[in-house]
Ligand SMILES: [Zn+2]
């Protein structure tokens, strides 16, 4: 299964009947990772039939409510449904205290252990497992805020079944070939790995950047990702408001996508003041044609 991103919420500030606050689910073959957890996220996870107990890592970008007001509710639900697996939460300083007080004063003892991992700088390797590496990205907002860069781990080489048959490769030798080794047959003849396997596919990358003012500092750590989510809370006509609140316009997001060499841009974190989201595309596409609205309920394959 390729790396993909399910958009659970792409609105900002307050939840409305048409739009949820920030939340996304990064999916791999065996793990689910939640990014931000605005109010209502657990309902949206349910609506999208996500098996929530499979989430073991939650990444919170910053402590504005529209990015974490759903967390305590989700954690409570995980407990009520009998979770026993550990839960890891990666967030800036302060979240642990907020959450622990809520459960402490409710006299609740969760059925599982929670580990808070404090992020205090950008370009930190904040998580790694067999599927992905996750690094923190520098964002420019009113309070400490981090973006997330998900990089798929290098996969094994895919074997060429025709070639395996042709060179009579026994089963026990296949694992080593998938790791890149050559094969030596019974007569001592070496068959080059390239003859037995397909070329390696480069690992894909996904970057999540919300919330932030336009920031070229981000570009120093943002590689050429296959998929970039960059907030575009405002349109150019509200540029002054964007600057004051340390948010971006659709044009800013498109400039970052363009300068970073991203392949595709998803716009999100829209202010409720705008009736239509088409205007965001109108502003972004002249600068970066592969710009799209992060539609709630849509799943985007990274690299497709
Ligand atoms: Zn914010």
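In summary, residue 33 fulfils each of the numbered conditions (1) more than 20 Å from residue 137 (Cβ to Cβ); (2) more than 16 Å from the ligand (Cβ to nearest atom) with the single exception of condition (1). Just to be sure, is residue 222 touching a helix residue (DSSP H, G or I) at 6+ places or on another chain (Cβ under 6 Å) and part of a loop (DSSP other than H, G, I, E, B)? Judged against the criteria, residue 222 is a match.
Might you let me know whether region 188-208 holds any residue that is surrounded by fewer than 19 Cβ atoms within 10 Å (Cβ to Cβ), closer than 28 Å to residue 270 by Cβ and within 16 Å of the ligand (Cβ to nearest atom)? No: region 188-208 contains no residue that is surrounded by fewer than 19 Cβ atoms within 10 Å (Cβ to Cβ), closer than 28 Å to residue 270 by Cβ and within 16 Å of the ligand (Cβ to nearest atom). A single entry from 216, 224 fulfils the requirement of being surrounded by fewer than 16 Cβ atoms within 10 Å (Cβ to Cβ) and more than 20 Å from the chain's Cα centre (by Cα): 216. Residues in region 222-232 include none that are at positive phi and within 16 Å of the ligand (Cβ to nearest atom). Among the residues of this structure, residue 165 does not count as one that is more than 23 Å from residue 299 (Cα to Cα) and assigned by TED's automatic domain parsing to the domain that holds residue 296. Per the listing 273, 241, 255, the residue uniquely assigned by TED's automatic domain parsing to the domain that holds residue 41, assigned to a helix (DSSP H, G or I), at negative phi and touching a strand residue (DSSP E or B) at 6+ places or on another chain (Cβ under 9 Å) is 241. Filtering region 204-214 to residues that are at pLDDT 95 or above and in a loop (DSSP other than H, G, I, E, B) leaves 204, 212, 213, 214.
State whether one or more residues within region 134-144 are closer than 19 Å to residue 55 by Cβ and surrounded by 13 or more Cβ atoms within 10 Å (Cβ to Cβ). For region 134-144, residues closer than 19 Å to residue 55 by Cβ and surrounded by 13 or more Cβ atoms within 10 Å (Cβ to Cβ): present.
Taking the criterion of being within 14 Å of the ligand (Cβ to nearest atom) and in contact (Cβ under 8 Å) with a residue 40 or more places away in the chain, the residues of region 233-246 that qualify are 233, 245, 246.
Can we say residue 34 is within 17 Å of residue 150 (Cα to Cα) and not in a loop (DSSP other than H, G, I, E, B)? When the stated conditions are applied, residue 34 passes them.
The number of residues in region 36-64 being touching a residue at least 40 places away in the same chain (Cβ under 8 Å) and within 14 Å of the ligand (Cβ to nearest atom) comes to 5.
Note on region 73-93: residues that are loosely packed, with under 14 Cβ neighbours inside 10 Å and in contact with a strand residue (DSSP E or B) (Cβ under 9 Å, 6 or more places away or on another chain) total 3. In region 37-52, what residues are closer than 24 Å to residue 228 by Cβ and either under 14 Å from the mean Cα position of the chain (by Cα) or in a loop (DSSP other than H, G, I, E, B) (or both)? Result: 37, 38, 48, 50.
Can residue 131 be described as surrounded by fewer than 16 Cβ atoms within 10 Å (Cβ to Cβ) and within 29 Å of residue 1 (Cβ to Cβ)? The answer is no for residue 131.
Matching residues to (1) over 21 Å from residue 25 (Cα atoms); (2) within 16 Å of the ligand (Cβ to nearest atom):
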{"residue": "71", "(1), (2)": "no, yes"}
{"residue": "74", "(1), (2)": "no, no"}
{"residue": "77", "(1), (2)": "no, no"}
{"residue": "90", "(1), (2)": "no, no"}
{"residue": "98", "(1), (2)": "yes, yes"}
{"residue": "105", "(1), (2)": "yes, no"}
{"residue": "109", "(1), (2)": "yes, no"}
{"residue": "115", "(1), (2)": "no, no"}
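The values are calculated or read from the model by the stated rules, or taken from the named source; none is laboratory data. Keep in mind it's a predicted model, so treat the numbers as computed, not measured. Glycine also receives a Cβ, built like all others from the backbone with ideal geometry; neighbour counts cover every protein chain displayed.
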